[in-house]
Amino acid sequence: MTTFADLVVHARWILPVEPEVIYEQHAIAIRGGRILAILPGNEARTQFHSPDVVELPEHALIPGFINAHTHAAMTLLRGLADDLPLMPWLREHIWPAEARWVNAEFVRDGSELAIAGMLRSGTTCFNDMYFFPGVTADTARRCGMRACIGMIVLDFPSAWGSGPRDYLAKGTALRDQYKEDPLLSFAFAPHAPYTVADVWLQEIRTLADELEVPIHTHLHETVQEMEQSLRQHGQRPLARLAELGLLTPNLMAVHMTQLAQDEISEIARCGVHVVHCAESNLKLASGFCPVARLLAAGVNVALGTDGAASNNDLDMLGEMHTAALLAKGVAGDAAALPAAAALRMATLNGARALGLDQDIGSLVPGKWADMTAVDLSDTECQPLYHPLSQLVYAAGRDQVTDVWVAGRHLLRQGELTCLDLHSTLQRAHRWGRRMARGTAEVTSA
């Protein structure tokens, strides 16, 4: 007697992440959006019958990438201000552009463009921090994409809110509206210690404890941030957050390029998660996250791309490749971040940081079927001695062929099934023309 499955996917290799093995000529059976079983392909053909059988004869099937730090809508600002350090980039270009252009339509169109790019490069879940988070949530739901939506907080007003109290009220109301949605989760997202006052950081800590949601913030990103904190507060940002009670397993600290060894020990002791954005940090010359030392101390390190305005893409395959190489160079040790550890950072470690590791991040029976298929038969991956190494060190986003979220086929043989890419690109082109004209007007004035 056979068992019914909604979908059965046969692959040359399955890299489940946990356990750290490679299954060859195996299959995954899925029902109700979750993984039923992983078993040898010949056994799957006799044990399961399904109306949807996908054959991936030269592919590696992996957990979908989890992009643990994004500003999705900022994809519309890609290339607007390149080759600048962080603070001039923010203060002289990005913040003025956002003040002029950001509204609900901007966030919808930018988020849709970002989701298209993320799916086409194998990402199935993203952790976002941006204005109009409800629009990002609705866009992700409409596209079938999994997302952790940031309940942003800043000391100053924006098009989204009048100030911290308004941001918190709107954010928590949004979380209440969608808390039962299986594709959406939420995190408090105070932008950074230098843009959020102590009183609001304390309020966020209290609310996060009450609602059992993570906190997602930029932290220890640049030397200038350290100097500013010492001038204004007489201590480094981590010490300030420690006094406010924020160093807990709820905290996702993004960037962390400026860390002393005692600070690494402290975040390890407190269970803080670090989100490493290798390419953004390199492009903005912000510094180097000490990934090898963090991992050696037992810190959970995830990967994020940051926004496309500072990367300039949302490609987790590329991010994984850069992170693996950079960690070796910074540590002076070619074994500092092996391929398997890099893949874990891009998948399961991100799920752990988001508090979602019971449901996503690895290919395990019972978890959601969030999966990405990468064709390793291309010229650039030949000859192939080890599929995991080729995935991390040689494969590119153009080799991603298929993506599923909760068993739903969102990218099929390279084509998006969940949105009209032509329409998405048309709207992006319109925004580009409008902003280019606006920038020219400001420059000429």
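So, of the residues in region 405-428 that are open to solvent by 40 Å² or more (accessible area, probe 1.4 Å) and in a strand (DSSP E or B), which turns out to be farthest from Val53 (Cα to Cα)?
Glu415
What are the residue pairs meeting all of these: first residue in region 170-191, first residue under 17 Å from Phe126 (Cα atoms), second residue among the aromatic types (Phe, Trp, Tyr) and assigned to a helix (DSSP H, G or I), Cβ atoms under 6 Å, and 6 or more apart or on different chains?
Filtered contacts from region 170-191: Leu184/Tyr178.
Go through region 174-208 residue by residue and tally those that are open to solvent by 50 Å² or more (accessible area, probe 1.4 Å) and either among the aliphatic types (A, V, I, L, M) or assigned to a strand (DSSP E or B) (or both).
Count: 1.
Can you find even one residue in region 370-377 that is of a type in the set (Val, Ile, Thr), more than 30 Å from Glu92 (Cβ to Cβ) and either in contact (Cβ under 8 Å) with a residue 12 or more places away in the chain or open to solvent by less than 70 Å² (accessible area, probe 1.4 Å) (or both)?
yes
Which condition does Arg231 not pass, out of (1) open to solvent by less than 30 Å² (accessible area, probe 1.4 Å); (2) of a type in the set (D, E, K, R); (3) more than 22 Å from the chain's Cα centre (by Cα), if it passes all the others?
(1)
If you scan region 308-354, which residues turn out to be part of a helix (DSSP H, G or I), out of contact with any Ser or Thr (no Cβ under 6 Å at 6 or more places or on another chain) and not hydrophobic (A, V, I, L, M, F, W, C)?
Matches in region 308-354: Gly318, His321, Thr322, Lys328, Gly329, Arg344, Asn349, Gly350, Arg352.
Conditions tested, residue by residue: (1) modelled with pLDDT under 95; (2) buried (at least 23 other Cβ atoms within 10 Å of the Cβ); (3) not aromatic (Phe, Trp, Tyr).
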site	(1), (2), (3)
Gly332	no, no, yes
Leu343	no, yes, yes
Thr347	no, yes, yes
Gly361	no, yes, yes
Pro365	no, no, yes
Trp368	no, yes, no
Leu384	no, no, yes
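Might you check whether a residue that is buried (at least 23 other Cβ atoms within 10 Å of the Cβ), modelled with pLDDT of 95 or more and among the acidic types (Asp, Glu) occurs anywhere in region 135-146?
No, every residue in region 135-146 fails to be buried (at least 23 other Cβ atoms within 10 Å of the Cβ), modelled with pLDDT of 95 or more and among the acidic types (Asp, Glu).
Go through region 135-178 and count every residue that is within 14 Å of Leu207 (Cβ to Cβ) and not aliphatic (A, V, I, L, M).
9
Any residue at all in region 34-42 that is touching a Ser or Thr at 6+ places or on another chain (Cβ under 9 Å) and more than 25 Å from Ala341 (Cβ to Cβ)?
There is at least one residue in region 34-42 that is touching a Ser or Thr at 6+ places or on another chain (Cβ under 9 Å) and more than 25 Å from Ala341 (Cβ to Cβ).
Where the second residue is at pLDDT 95 or above and crowded, with 23+ Cβ neighbours inside 10 Å and the first is within 29 Å of Leu61 (Cα to Cα) and basic (Lys, Arg) and lies in region 120-142, which pairs have Cβ atoms under 7 Å and are six or more apart or on separate chains?
Listed by first residue and then by second, the contacts come to Arg120/Val400; Arg120/Leu411.
Which residues, counting only those in region 258-283, are open to solvent by 10 Å² or more (accessible area, probe 1.4 Å) and either closer than 16 Å to Arg236 by Cβ or in contact with a helix residue (DSSP H, G or I) (Cβ under 6 Å, 6 or more places away or on another chain) (or both)?
Gln258, Leu259, Ala260, Gln261, Asp262, Glu263, Ser265, Glu266, Cys270, His273, Glu279
Tell me the residue from Phe131, Phe126 that is in a loop (DSSP other than H, G, I, E, B) and within 27 Å of His273 (Cα to Cα), please.
Phe131
I'd like to verify a number: residues in region 329-361 that are farther than 19 Å from His69 by Cα and either touching a residue at least 24 places away in the same chain (Cβ under 8 Å) or of a type in the set (S, T, N, Q) (or both), how many?
Result for region 329-361: 8.
Taking the condition of being small (Gly, Ala, Ser) and assigned to a helix (DSSP H, G or I), how many residues in region 379-404 meet it?
Counting residues in region 379-404 that are small (Gly, Ala, Ser) and assigned to a helix (DSSP H, G or I) gives 1.
Strands (runs of 3 or more DSSP E) wholly in region 1-108 with at least 1 residues that are open to solvent by 70 Å² or more (accessible area, probe 1.4 Å), without any contact (Cβ under 8 Å) to a residue 60 or more places away in the chain and more than 30 Å from Gly161 (Cα to Cα) - which ones?
Counting at least 1 such residues, we get 23-31, 53-63.
Take Leu113 and decide whether it is within 30 Å of Gly396 (Cβ to Cβ) and surrounded by fewer than 21 Cβ atoms within 10 Å (Cβ to Cβ).
So Leu113 fails the test.
List pairs: first in region 391-418 and small (Gly, Ala, Ser), second surrounded by 19 or more Cβ atoms within 10 Å (Cβ to Cβ) and in a loop (DSSP other than H, G, I, E, B), Cβ under 6 Å, 6+ apart or cross-chain?
These pairs meet every condition: Gly407/Ala369.
The values are calculated or read from the model by the stated rules, or taken from the named source; none is laboratory data. In this text, all values refer to a predicted model and were calculated from it rather than measured experimentally. Quick reminder, even Gly has a Cβ in these numbers, built from the backbone with ideal geometry, and neighbours come from all protein chains shown. For accessibility, only protein heavy atoms count, side chains too; no ligands or nucleic acids. Shrake-Rupley method; radii C 1.70, N 1.55, O 1.52, S 1.80 Å.
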